[in-house]
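The values are calculated or read from the model by the stated rules, or taken from the named source; none is laboratory data. Predicted model only: the values in this text are computed from it and were never measured. Because the Cβ atoms are built from the backbone with ideal geometry, glycine has one as well, and the counts that use them run over all protein chains shown. For the accessible areas, the whole protein counts, side chains as well, though only heavy atoms, and no ligand, DNA or RNA atoms are used. Shrake-Rupley method; radii C 1.70, N 1.55, O 1.52, S 1.80 Å.
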Amino acid sequence: MPPVVRRGSVRFLLLLTALSTSIAFGGEPEWVTKRPILQEFYVGIGMARKDRPAAEYTEAARNVALNDIASQITVTVSSDVLRKVFEANERLEEEFQSRIRASTTADLEGVRLVDTYESREEYWVYLRLSRADYEARRAEKRNAAAAQSLDLYARGKRSEQEGKAGQALGLYVQAFGPIEKYLAEPLVVQSGDGSVYLVNDIYNSLRTLLDRIEVTAIDGEQSANVGRPLKKPLQVKAVLRDAMPSPAANLPFRFTFTRGAGECADRVQTDDDGIARCAVQKVTAPDRIQTVEARLDLEALAGGERASPIVRTVLSGVTPPVARFVLNVSGVDVFVDSDESMFGKPLQQKVIEPAVKSELGARNFAFVDDRSRASLAVIIRADARRGTEAYGLAFAFAGATVSVLDLETGREVFKGAVNDVKEGSDTFEKAAYKALDTVARRITGDVLPGLVDSVRK
């Protein structure tokens, strides 16, 4: 009896090496040039170039042959559920077929080695799989998966009847997991209540329950400041509509900025009162109108990042309930403390402060005259000093530092400087103003972007 191929098996690689050694460089077998057509078997032919170590090219040829077999095991979408999903998005059907093929390749059992052949440059392998054996194994696995899925579905039904919406949704979503390889088929199983069209019934129960869940935003419009947390969390309330409406507990929600940006605990669950709370730690975008969406997170019910891509494809055809929030965003309230001097005397007409205010104002910062009303203090210290005279020109030097103090925490969150800028003119005063103007341009161009980033982080 020909040996059975086991994926990743050292015995298989040794066997191939032995076989190839016995036939190396012999006459080219017919199956290399003319593919065998056998009614009772799937045939897989694989070839790899001998441009790497023997263990690697023999494994590569085997994988090609296995993929060849898997490509012949077609998956016909006969499930009404998937047809509806794919009609809405053709790209999902391509992804689904690709994932099913990959799953089939990884799950092949009973593949047998028929022959190998190698020339000086190529290595070939001929594998075969009994169609009857494959279908028998597949039917056995499908039945076991269907039984596991039916159990989850039945438990979901009981939870829904008990008013446990979160638990029921989780069980419905999880019921797709065991049968993910068979979702394209109209699985029919028998239960105490009669026949269950498993894929359709799970999907329809999921959608029906989602339709009964009403989600509303509590205080759907709020004021906010750039770089600061919201004063109160965003809250959604989920209610299970029924003859006697009741809070829908244990529902996972995901909060995302759909316009603007911010930092928040994006995944939260509803409590016993059906309320999910999302604390926004900071609004980071300057947009004056920003929006946040709270969406029931079906993917979290399926296992989050661990959820099967195939199950995620099916869930993409379901529209979960959504609530939306509007944030009216103002700039950070800033108090400016500016001290600018020239030749040791305070400047009456400041140079750095107006440039800083103009740039920050364009970035949605707001200025207040009362330090107690501000969130941040921007502290500017600038001075210009005399240099020397040469060839009829007077030279002056100027520099400035800009620091930011968070008035709520007392912590310095930023500090930047431009130092020793030298300019010349026909008088020291003109040279000093010219140097301060250059400092102002460098402050606004090079320093303030870092200041803005540090405030919004």
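The set of residues in region 175-192 that are of a type in the set (Ser, Thr, Tyr) and open to solvent by 20 Å² or more (accessible area, probe 1.4 Å) contains only 191. Within region 216-232, being open to solvent by 50 Å² or more (accessible area, probe 1.4 Å), outside any strand (DSSP E or B) and over 24 Å from residue 334 (Cα atoms) holds for one residue alone: 219. Assigned to a strand (DSSP E or B), among the hydroxyl-bearing types (Ser, Thr, Tyr) and either open to solvent by 50 Å² or more (accessible area, probe 1.4 Å) or closer than 15 Å to residue 355 by Cα (or both), is that true of residue 444? Against the criterion (assigned to a strand (DSSP E or B), among the hydroxyl-bearing types (Ser, Thr, Tyr) and either open to solvent by 50 Å² or more (accessible area, probe 1.4 Å) or closer than 15 Å to residue 355 by Cα (or both)), residue 444 does not qualify.
Please tell me if residue 358 is of a type in the set (Gly, Ala, Ser) and touching a residue at least 24 places away in the same chain (Cβ under 8 Å).
Yes, satisfied.
The set of residues in region 300-348 being touching a helix residue (DSSP H, G or I) at 6+ places or on another chain (Cβ under 9 Å), free of Cβ contacts under 8 Å to residues at least 40 places away in the same chain and either in a strand (DSSP E or B) or open to solvent by 50 Å² or more (accessible area, probe 1.4 Å) (or both) consists of 305, 312. Condition check for residue 435 on (1) under 30 Å from residue 261 (Cβ atoms); (2) not in a strand (DSSP E or B): one failure, at (1).
Select from region 270-286 the residues that are outside any strand (DSSP E or B) and open to solvent by 30 Å² or more (accessible area, probe 1.4 Å) and write down the one among them that is nearest to residue 363 (Cα to Cα). Can you show your working first?
First, pick out the residues of region 270-286 that are outside any strand (DSSP E or B): 270-274, 279, 284-286.
Right, trim to open to solvent by 30 Å² or more (accessible area, probe 1.4 Å) and you get 271-273, 279, 284, 286.
Working: 271: 39, 272: 42, 273: 41, 279: 25, 284: 12, 286: 7 Å.
Applying the filter and picking the extreme gives 286.
Being under 33 Å from the mean Cα position of the chain (by Cα), aliphatic (A, V, I, L, M) and under 30 Å from residue 238 (Cα atoms) is a description that does not apply to residue 146. A single member of 361, 416, 424, 399 is under 14 Å from residue 451 (Cβ atoms), out of contact with any Ser or Thr (no Cβ under 8 Å at 6 or more places or on another chain) and either in a loop (DSSP other than H, G, I, E, B) or small (Gly, Ala, Ser) (or both), and it is 361. Across region 250-269, the qualifying residues are those that are in a strand (DSSP E or B) and within 22 Å of residue 453 (Cα to Cα), and the one among them that is most open to solvent (accessible area, probe 1.4 Å) is 259.
Considering (1) under 19 Å from residue 308 (Cα atoms); (2) free of Cβ contacts under 8 Å to residues at least 24 places away in the same chain, the lone condition that residue 174 does not fulfil carries the number (2).
Just name the residue that is modelled with the lowest pLDDT out of those in region 64-80 that are surrounded by 15 or more Cβ atoms within 10 Å (Cβ to Cβ) and in a helix (DSSP H, G or I). My answer is 70. Could you tell me which residue of region 379-390 is surrounded by the most Cβ atoms within 10 Å (Cβ to Cβ), considering only residues that are more than 20 Å from residue 226 (Cβ to Cβ) and among the β-branched types (Val, Ile, Thr)? Within region 379-390, the match that is surrounded by the most Cβ atoms within 10 Å (Cβ to Cβ) is 380.
Which one is modelled with the lowest pLDDT, of the residues in region 256-278 that are under 20 Å from the mean Cα position of the chain (by Cα) and of a type in the set (Gly, Ala, Ser)? The qualifying residue modelled with the lowest pLDDT is 265. Name the residue that is surrounded by the fewest Cβ atoms within 10 Å (Cβ to Cβ), counting only residues in region 124-174 that are basic (Lys, Arg) and not in a helix (DSSP H, G or I). Of everything passing the filter in region 124-174, 164 is surrounded by the fewest Cβ atoms within 10 Å (Cβ to Cβ). Screening 83, 49, 7 for residues that are closer than 28 Å to residue 187 by Cβ, within 39 Å of the chain's Cα centre (by Cα), open to solvent by 50 Å² or more (accessible area, probe 1.4 Å) and modelled with pLDDT of 65 or more leaves exactly one candidate, 83. Scanning region 31-46 for residues that are touching a helix residue (DSSP H, G or I) at 6+ places or on another chain (Cβ under 7 Å) and within 16 Å of residue 119 (Cα to Cα), which turns out surrounded by the fewest Cβ atoms within 10 Å (Cβ to Cβ)? Per the criteria, the residue is 45. When 210, 152, 127 are checked against the criterion of being in contact with a strand residue (DSSP E or B) (Cβ under 9 Å, 6 or more places away or on another chain), touching a residue at least 24 places away in the same chain (Cβ under 8 Å), of a type outside the set (D, E, K, R) and closer than 30 Å to residue 303 by Cβ, 210 stands alone in meeting it.
Applying the set (1) crowded, with 19+ Cβ neighbours inside 10 Å; (2) in contact with a strand residue (DSSP E or B) (Cβ under 8 Å, 6 or more places away or on another chain) to residue 355 leaves exactly one unmet item: (2).
Just one of (1) open to solvent by 50 Å² or more (accessible area, probe 1.4 Å); (2) in contact (Cβ under 8 Å) with a residue 60 or more places away in the chain; (3) not acidic (Asp, Glu) fails for residue 376. It is (1). Residue check: residue 115 meets all listed conditions (1) closer than 30 Å to residue 35 by Cβ; (2) surrounded by 20 or more Cβ atoms within 10 Å (Cβ to Cβ); (3) touching a Phe, Trp or Tyr at 6+ places or on another chain (Cβ under 9 Å) but one, namely (2).
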